[in-house]
Amino acid sequence: MKNILFLFLLFLSTTAFSQSAVNDFSNSANYDLANEKLLRISGTRRIILVSNSQDSFAKGDYITILINKVPVARGVVPKQEENQAAVKITKVYNEELFTNFFINQDVQILRGDDSAYGKPTENAEDQFKITDSESLYDDTTLLEEDLYGEDNQQTGVIKNDNIASVGIGLVDGFNTAGKQDTNTQYNAAWSFQVEKNIWVEGFIGRHLIRAFPAEDIDTAVNQYIFRAKYAFEGPLYTVFMPYIGYKFATADSPGAGDVSKVGSDQAQRELDLVASVEQDEFVFGATGFKRLVPGWFLRVDIGTDVMGVGLALEF
């Protein structure tokens with residue numbers, strides 16, 4: 001009798017658990033799922049390009065990506081063009097399926113609130129709430145811990161792969177007397193994260209040396225710098241990037257070396273002065289970023305090539 005009772009209770013418990021598993025997504029029929037494809041996946045898997053052939057969502061929407069009606073990841077749509085859209089991933093539900101995403105994979109898209117889709121609604125939306133300004137800088141507010149876990153972490157201290165900057169600085173140059181001095185330079189830079197915390201950067205700056213190499217001639221100098229950087233996270237939402245690079249410069253000095261206006265000796269002297277500006281050399285230094293608001297940084301460069309400040313935008 002005891003054995004029969006034990007088997008009966010075991011059956012009931014097994015049925016209960018099986019019913020719970022089957023019902024995980026039993027309410028999926030109540031949701032309008034759009035069938036789409038994954039078109040591109042960034043190296044960090046932070047940005048995913050998906051098709052939007054059914055026009056089922058728009059820019060600014062929160063959407064959930066599903067595979068066989070199983071929620072895998074959730075994100076926001078910051079950009080949409082024609083029949084495709086970029087999705088910025090903010091949460092991962094299924095790490096295994098997310099890691100195995102591949103191009104041209106068939107997926108389903110659920111637009112809007114997914115808190116009632118196949119899981120309890122209690123506290124589900126709390127995972128997406130931003131409670132204060134500090135939450136904007138706290139990765140755990142937006143992403144599953146597994147996404148940035150030690151074993152699976154693919155993103156660095158700056159999660160996006162691109163940084164565009166503009167700024168002003170001081171560079172080695174010459175004064176109107178032809179003596180070495182510092183010149184004010186306007187510059188711009190673009191950085192790209194090729195691997196976790198490893199960045200490459202292109203930097204261009206332009207400054208003007210007035211009355212050089214002669215009183216009635218100005219010289220415009222363009223500097224081009226290529227840098228390799230490694231990013232470290234600092235305190236108070238700062239990032240530091242020591243770098244090494246190579247700089248070369250070109251000078252444009254209309255009128256310099258005009259023998260018809262000056263003697264041949266003076267013309268050659270002017271050309272020599274202009275050539276002295278066109279220096280090629282290795283450079284090193286460090287770039288610091290201080291987060292101002294989400295996506296925007298104050299940038300500081302201190303190096304053998306330039307000392308300057310500017311604004312930077314990550315995207």
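Listing for the model above:
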item: Normalised contact order of region 162-314, rounded percent, pairs of Cα under 8 Å and 6 or more residues apart; result: 22 percent
item: Environment charge of ALA267, counting only residues whose C-beta is closer than 11 Å and scoring Lys/Arg +1, Asp/Glu -1; result: -2
item: Phi-based couplings in Hz for region 195-201 (Karplus 6.51, -1.76, 1.60; Gly and Pro marked x); result: 9, 3, 6, 9, 10, 10, 9
item: ASP106-GLU195 pseudo-label distance in nm [points 7 Å out on the Cα-to-Cβ vector]; result: 3.8 nm
item: Largest to smallest principal axis extent of the C-alpha atoms in region 213-268, angstrom; result: 60, 20, 14
item: Directionally averaged shadow of region 162-314, computed from the convex hull of its alpha-carbon atoms, nm²; result: 9.2 nm²
item: Loop-located chymotrypsin sites (Phe, Trp or Tyr not before Pro) in region 58-106 whose Cβ has at most 15 other Cβ within 10 Å (DSSP); result: PHE102
item: Pairwise label distance in nanometres, LYS88 with LEU236, each label 7 Å out on the Cα-Cβ vector; result: 2.6 nm
item: Gain on full stretching of the segment that runs from GLU278 to ASP258 - 0.36 nm per residue minus C-alpha separation; result: 5.3 nm
item: Selection of GluC sites (Glu not before Pro), region 189-266, meeting DSSP coil and at most 12 other Cβ within 10 Å; result: GLU215
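No value in this document is a laboratory result; all are computed from the given coordinates. From a predicted model like this one, the values you see are computed outputs, not experimental measurements. Note that we place each Cβ from the backbone using ideal geometry, even for glycine, and neighbour counts take in every protein chain shown.
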